[in-house]
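Below is one structure, written out as structure tokens; the observations come after it.
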Amino acid sequence: MPHRSTIFLEDAEVLAHERFEGEQFILKLKAPKCARRAQAGSFVHLTCDESLPMRRPLSIMRANAERETIEVLYKIVGQGLELLSRKRVGDRISCLGPIGNGFVPHPQRPLALLVGGGVGIPPMIFLAEELRERTDADWKPLVMMGSEIPFPFRARPSTILVPGMPDGTIACMPMLDEWGIPSRLASFAGFPGCFEGYVTDLAAAWLDSLDEHTLSQVEMFACGPTVMLKAAANVAKRFGIPCQVSLEEFMACAVGGCAGCAVRVETPQGPAMKRVCVDGPVFDAQQVFG
């Protein structure tokens, strides 16, 4: 398969490992081959510990080809990621990646609405940074993030005005604000400046404020739990805009061999089973959720 020639196995070095509230971690690895090929939406399959034969798939949050680094954000769920959280600077981790097809933004729709929920936030950061550097259109990404635990950064009021936002929705991710990319946060946890509700409801509120011409320039991209992705697909369908979703599934091999991550997808030829790892993880939302 052509895509398998772009997946590499590397002995990656831990350069930094930062802990945040809610048992969340940002892991920075030196993985030159992966860093050169990574794209927004792709992921890595990491060995968490020598005692565990099964790897864990983690979305890539940032990649720097020049510095030969990648970063992933994860939350401890289960034994594997708990063991991974014990890794220290200088440790080595077996890294398989980058894996999967990423997001494909279309220049004719430069208003990119990026919606991330929980551990689905990392690909949105990657995509925002990618669009910031692209020159094939006047890209204007807007990032919306939702979480019921503290965000893995210290939120602050945004310095970027976003017309159509519900009153009081002003909290942002500082790094994106510094890049000149507007972002807004949603949560039921009562965090200051956040929209009180689901991040998909925040997306719908903003889309509802747009006129028909502006709406014709919007494309949505989403990553998060399946229930959130289904809601995102419904929002996109309601407003008549295209939407790409990055699916989350349990994986064994992550290179297309076991087919354990297969999902039903509607294609022009009819329904088909597609592997989330190498056929995805990004799919057209309507093909997955109707």
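The values are calculated or read from the model by the stated rules, or taken from the named source; none is laboratory data. On a predicted model such as this, the values are computed, not experimentally measured, just so you know. Backbone-built Cβ (ideal geometry, glycine too); neighbour counts: all protein chains shown.
Some values worked out for this structure:
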quantity: Any hit, the stretch 29-52, residues being of a type in the set (D, E, K, R) and in a loop (DSSP other than H, G, I, E, B); calculated: yes
quantity: Qualifying residue in the stretch 261-282 (condition: touching a Lys or Arg at 6+ places or on another chain (Cβ under 6 Å) and part of a helix (DSSP H, G or I)); calculated: no
quantity: When residues of the stretch 266-286 are limited to those that are without any contact (Cβ under 8 Å) to a residue 24 or more places away in the chain and closer than 17 Å to PHE103 by Cα, the one surrounded by the most Cβ atoms within 10 Å (Cβ to Cβ); calculated: ARG275
quantity: Hits in the stretch 231-260 - residues which are part of a loop (DSSP other than H, G, I, E, B) and among the hydrophobic types (A, V, I, L, M, F, W, C); calculated: ILE241, LEU247, PHE250, MET251, ALA252, CYS253, ALA254, VAL255, CYS258, ALA259
quantity: Filtered residues of the stretch 190-203 (kept if closer than 19 Å to ARG238 by Cα and either touching a residue at least 60 places away in the same chain (Cβ under 8 Å) or crowded, with 18+ Cβ neighbours inside 10 Å (or both)); calculated: TYR198, VAL199, THR200, LEU202, ALA203
quantity: Members of the stretch 181-210 that are within 20 Å of LYS140 (Cβ to Cβ) and of a type in the set (D, E, K, R); calculated: ARG184, ASP208
quantity: Unique residue being out of contact with any strand residue (DSSP E or B) (no Cβ under 8 Å at 6 or more places or on another chain), more than 23 Å from LEU96 (Cβ to Cβ), of a type outside the set (Lys, Arg) and modelled with pLDDT of 95 or more when the list is ALA233, ALA204; calculated: ALA204
quantity: Which numbered condition VAL235 fails, given (1) surrounded by 15 or more Cβ atoms within 10 Å (Cβ to Cβ); (2) within 21 Å of LEU127 (Cα to Cα); (3) in contact with a Gly (Cβ under 8 Å, 6 or more places away or on another chain); calculated: (3)
quantity: Matching residues in the stretch 98-155 - criterion: being hydroxyl-bearing (Ser, Thr, Tyr) and touching a strand residue (DSSP E or B) at 6+ places or on another chain (Cβ under 8 Å); calculated: SER147
quantity: Some residue of the stretch 243-253 being over 18 Å from the mean Cα position of the chain (by Cα) and either under 30 Å from GLU21 (Cβ atoms) or not basic (Lys, Arg) (or both); calculated: yes
quantity: In the stretch 238-258, residue nearest to LEU52 (Cα to Cα) [restricted to those that are exposed (fewer than 14 other Cβ atoms within 10 Å of the Cβ) and at pLDDT below 95]; calculated: PHE250
